[in-house]
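Everything on this sheet refers to the single structure shown next.
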Amino acid sequence: MTKDDKGLKAFRQYLESLFPAPECALKFATPFQLLVATIMSAQCTDKQVNKTTPGLFAKYPDAKSMAGAELSDIEETIRSIGIYKNKARNIHNAAKAIMENFGGEVPRTMEELTSLPGVGRKTANVVLGNAFGVPGMVVDTHVKRIANRFGLTKNQDPAKIEQDLMKLIPSESWTDFSHQLVLFGRSVCDARKPDCAGCGVSEICPSAVKK
């Protein structure tokens, strides 16, 4: 699909009708908490992250307290999520970097955010779009799947998919479009069993299972 493609316009209108006010599924009170939650969400459901973060943030609500925490305690507190030791280390080191390099405040640019341990473009875009209102195209597994199924990209690399989608979608819609694709991927276009029969745009989807 191209920027002027009628199919893309119809797809966007359909997503808008399904999810008119999409929001980040991760629960947070501050940019730092969103950063931590997003780091934790890798290879883990948002639901499980949201179950774990209240206990973590009760102990360490900001970069200063997290940086001063014992790594072993962070590990124990987030033990219920996948690859928790690696995530705990990244969270701890990111907090230290924020204190040392950014005066205790989460930075607001892609370059600065991705300089933090454990923070790639996906995490940075989540923080930029949802904490600071800076448009960001988040490419997770759902976005990657939907973008390929609908012919919005031919790439598999998230960074290349991000660039492809940014060319198709107006910048002011990047954050919402990302959320809508995630929600659509969870509710309709499942990885293993997409509900093509119940999808309102299956007729324009090149990957739809026709019956």
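The values are calculated or read from the model by the stated rules, or taken from the named source; none is laboratory data. For clarity, every value in this text was computed on a predicted model and none was experimentally measured. For neighbour counting, all protein chains shown are included, and Cβ atoms are generated from backbone atoms with ideal geometry for every residue, glycine included.
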Matching residues in region 111-127 - criterion: being under 12 Å from the mean Cα position of the chain (by Cα) and not in a helix (DSSP H, G or I): VAL119, GLY120
Residue in region 166-179 that is assigned to a loop (DSSP other than H, G, I, E, B), touching a residue at least 12 places away in the same chain (Cβ under 8 Å) and not hydrophobic (A, V, I, L, M, F, W, C) present: no
Helices (runs of 4 or more DSSP H) contained in region 1-77 and holding at least 3 residues within 21 Å of the chain's Cα centre (by Cα): 6-18, 31-40, 46-59
Members of region 86-110 that are in a helix (DSSP H, G or I), surrounded by 13 or more Cβ atoms within 10 Å (Cβ to Cβ) and over 21 Å from the mean Cα position of the chain (by Cα): LYS96, ALA97, MET99
Residue within region 41-51 that is surrounded by fewer than 17 Cβ atoms within 10 Å (Cβ to Cβ), at pLDDT 95 or above and within 23 Å of TRP174 (Cβ to Cβ) present: no
Test: LEU56 is buried (at least 18 other Cβ atoms within 10 Å of the Cβ), out of contact with any Phe, Trp or Tyr (no Cβ under 7 Å at 6 or more places or on another chain), among the aliphatic types (A, V, I, L, M) and without any contact (Cβ under 8 Å) to a residue 24 or more places away in the chain: yes
Among (1) under 18 Å from the mean Cα position of the chain (by Cα); (2) farther than 18 Å from ASP62 by Cα; (3) surrounded by 18 or more Cβ atoms within 10 Å (Cβ to Cβ); (4) of a type outside the set (Gly, Ala, Ser) - the single one ASN130 does not satisfy: (2)
Contacts under 9 angstrom Cβ, first residue in region 92-104 being in the same structural domain as ASP73 (by TED's automatic domain parsing), partner among the polar types (S, T, N, Q) and not in a helix (DSSP H, G or I), 6 or more apart: ALA97/SER115; ASN101/SER115
Selected residue (only one of GLN163, GLN156 is outside the structural domain of ARG108 (by TED's automatic domain parsing), under 18 Å from the mean Cα position of the chain (by Cα) and farther than 14 Å from LYS122 by Cα): GLN156
Leading residue by the ranking (nearest to ALA208 (Cα to Cα)) among those in region 143-191 that are in contact with a His (Cβ under 7 Å, 6 or more places away or on another chain) and crowded, with 20+ Cβ neighbours inside 10 Å: GLY185
Selection count, region 186-211, where residues are closer than 15 Å to PHE150 by Cβ, in contact (Cβ under 8 Å) with a residue 12 or more places away in the chain and not in a loop (DSSP other than H, G, I, E, B): 1
